[in-house]
1. Give segment 75-104 a look and list any residue that's within 23 Å of the chain's Cα centre (by Cα) and assigned to a strand (DSSP E or B), or say none.
2. Check E89, E164, E128 and return the single one that is over 22 Å from V207 (Cα atoms) and surrounded by fewer than 18 Cβ atoms within 10 Å (Cβ to Cβ).
3. Considering R143, R151, R202, which residue is charged (D, E, K, R) and in contact with a strand residue (DSSP E or B) (Cβ under 7 Å, 6 or more places away or on another chain)?
4. Kindly indicate whether E103 is within 30 Å of Q209 (Cβ to Cβ) and surrounded by fewer than 18 Cβ atoms within 10 Å (Cβ to Cβ).
5. Within segment 37-54, which residues are assigned to a strand (DSSP E or B) and farther than 15 Å from V83 by Cβ?
6. Listed residues S261, S179; which is loosely packed, with under 13 Cβ neighbours inside 10 Å and among the hydroxyl-bearing types (S, T, Y)?
7. Small (G, A, S), assigned to a helix (DSSP H, G or I) and either touching a residue at least 60 places away in the same chain (Cβ under 8 Å) or under 23 Å from E49 (Cα atoms) (or both): is that true of A138 in this structure?
Amino acid sequence: MSQQAGQFDVRVTRAAVTPCEADWRWINTGAFATEANIWLVADGQGWLERRGRRLAVRSGDCFVFRHVVPHRAGHDAAHPLLVPWICFECLDGDGRAADPPPESALPPLYRRVDSVGFLGELIGRCVEAYDSERPGDAARWLRAVLMEVHRQDARPLETSLQREQARLIDTLCREAERSIGLFRRVADLAARADYSTDHFIRVFKAVRQTTPGEFLIRTRVRRACDLLRFSGRSITDIAEAIGYGDVYAFSKQFRQRMGQSPTAYRRGEAV
């Protein structure tokens, strides 16, 4: 965002993580002129048409659309897109949506991000707050997303080695997120990358701004939240399924990051 962006508040109007179906197409006619839309392409391959130009779209692409501008998009059904996204409005001092959103409040249209997983986690937190009808929290997470997009835009050009390392780390993170029990230790991730554990930790931290150990814990906790909310499995079974041999260790780490026990989270108790 520009230096002027701070004078604008934001409101999330819609948000989701969309696994696109084989016949998926997206057409924005420009009808929602007050909205902007952040897309992160977390996986897959596709295309985007804007002002008569067709662009290839792939994992790692991030767009900040102005809905006042028409767009069309589609994808390769053999490599479907997975898109976390947020639609939002910029508000003036009276709480009214700017029509259209001011350019000074928005990042440029496009960038390739160096950490799909990190930005995806921020968008996911916004989506969770929106789904839970916590608009204030959703707006705060959206601002964090915009700050990270701004950081991505301001970063210096990467070397080819840094780009290769970022792609490797993102691939490993997606593997871990899809099959959470596959990597029980940081050493398992390092071995998959064919790095020593110490070197892997340094590379991972440079790419993701967190340690691989913390990434594994957060990934497990997010998966545990889904299982607690949408399954009838016991807490012991959930702990084992996400890679914990000790239900007490799982409960301790869950409480540290969620502010409540797994049982309280399942019951929907307020923090």
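The values are calculated or read from the model by the stated rules, or taken from the named source; none is laboratory data. Just so it is clear, the structure is predicted and the values come from calculations on it, not from any experiment. For neighbour counting, all protein chains shown are included, and Cβ atoms are generated from backbone atoms with ideal geometry for every residue, glycine included.
1. Residues satisfying the conditions are H75, L82, V83, P84, W85, I86, C87, F88, E89, C90.
2. Of the residues listed, the single one that is over 22 Å from V207 (Cα atoms) and surrounded by fewer than 18 Cβ atoms within 10 Å (Cβ to Cβ) is E128.
3. One residue alone meets the criteria, R143.
4. Taking the combined requirement at face value, the residue satisfies it.
5. E49, R50, R53, R54 - these are the residues of segment 37-54 that are assigned to a strand (DSSP E or B) and farther than 15 Å from V83 by Cβ.
6. Selected residue: S179, the only one of S261, S179 that is loosely packed, with under 13 Cβ neighbours inside 10 Å and among the hydroxyl-bearing types (S, T, Y).
7. In short, yes.
One line per residue, one yes/no per condition, for (1) part of a loop (DSSP other than H, G, I, E, B); (2) in contact (Cβ under 8 Å) with a residue 60 or more places away in the chain; (3) among the β-branched types (V, I, T):
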position: L142; (1), (2), (3): no, yes, no
position: R151; (1), (2), (3): no, no, no
position: C173; (1), (2), (3): no, no, no
position: A176; (1), (2), (3): no, no, no
position: G181; (1), (2), (3): yes, yes, no
position: A187; (1), (2), (3): no, no, no
position: A191; (1), (2), (3): no, no, no
position: D198; (1), (2), (3): no, no, no
position: I201; (1), (2), (3): no, no, yes
